[in-house]
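Trainee: Dumping the structure here so I can ask a few things about it.
The values are calculated or read from the model by the stated rules, or taken from the named source; none is laboratory data. From a predicted model like this one, the values you see are computed outputs, not experimental measurements. Counting neighbours? That spans all protein chains shown, and the Cβs are built from the backbone with ideal geometry, glycine included.
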Amino acid sequence: MADEGVRVEGLDNLIRTLKRAGKDVSELKEAHARAGAIVAAEAEVIAPRRSGKLAGTIRAARQVRRARVQAGRANVPYAGPIHWGWPARNIEPQPFLSIAARSTESRWVDQYTRDVQAALDKVKGA
């Protein structure tokens, strides 16, 4: 499955700086999870529904280097084909995750900016 996203310049440098300053980089996991949760909440609302199983699998992952919103599980393997489409099976794309990310961009960017600034402030005060 292809990834769509926003690249944060300087994130690797921030992670290195936090580690050198003896700060816990799990704060970045939380920042990414909070930004992802905003997108995930919107994606759950707009996800295509037949049974509701697909919407129930949407979640934000906690990762140090990225915010990631995922959909699907072993018992819901069709998340990718529904989102990206599958021309050979006449499945039109319904990019609910991408739409949710774009429609909530101002909210998750603001949240992420505040969280990263809070992490930077801790380094300055170290």
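Trainee: If the requirement is being surrounded by 15 or more Cβ atoms within 10 Å (Cβ to Cβ), over 30 Å from Asp121 (Cβ atoms) and not hydroxyl-bearing (Ser, Thr, Tyr), which of these qualifies: Ala33, Ala55, Ala37?
Mentor: Ala55 is the lone residue from the list that is surrounded by 15 or more Cβ atoms within 10 Å (Cβ to Cβ), over 30 Å from Asp121 (Cβ atoms) and not hydroxyl-bearing (Ser, Thr, Tyr).
Trainee: What number of residues within the range 13-29 are modelled with pLDDT of 75 or more, acidic (Asp, Glu) and either over 10 Å from Val64 (Cβ atoms) or buried (at least 17 other Cβ atoms within 10 Å of the Cβ) (or both)?
Mentor: The qualifying residues number 0.
Trainee: For a quick check of your reading of the model, give me the residue pairs whose first member lies in the range 61-80 and is touching a residue at least 24 places away in the same chain (Cβ under 8 Å), whose second is among the charged types (D, E, K, R) and not in a strand (DSSP E or B), with beta-carbon atoms closer than 6 Å and at least 6 apart or on different chains.
Mentor: If the second residue must be among the charged types (D, E, K, R) and not in a strand (DSSP E or B), the pairs left are Arg62/Lys29; Val64/Lys29.
Trainee: Sticking with this one: With respect to Ala118, is the statement that it is assigned to a helix (DSSP H, G or I), out of contact with any strand residue (DSSP E or B) (no Cβ under 9 Å at 6 or more places or on another chain), modelled with pLDDT under 95 and small (Gly, Ala, Ser) true?
Mentor: When the stated conditions are applied, Ala118 passes them.
Trainee: Still on this structure, I have one more. Give me the helices (runs of 4 or more DSSP H) completely within the range 50-109, filtered to those with at least 1 residues that are at pLDDT 95 or above and of a type in the set (Ser, Thr, Tyr), ordered by residue number.
Mentor: 96-103
Trainee: Let me ask another. Taking into account only those residues within the range 69-117 that are loosely packed, with under 12 Cβ neighbours inside 10 Å and among the hydrophobic types (A, V, I, L, M, F, W, C), which is nearest to Val39 (Cα to Cα)?
Mentor: Ala74
Trainee: Let me ask another. Given the conditions (1) among the hydroxyl-bearing types (Ser, Thr, Tyr); (2) touching a helix residue (DSSP H, G or I) at 6+ places or on another chain (Cβ under 7 Å); (3) more than 30 Å from Leu11 (Cβ to Cβ), which single one is not true for Thr57?
Mentor: It fails just one condition, (3).
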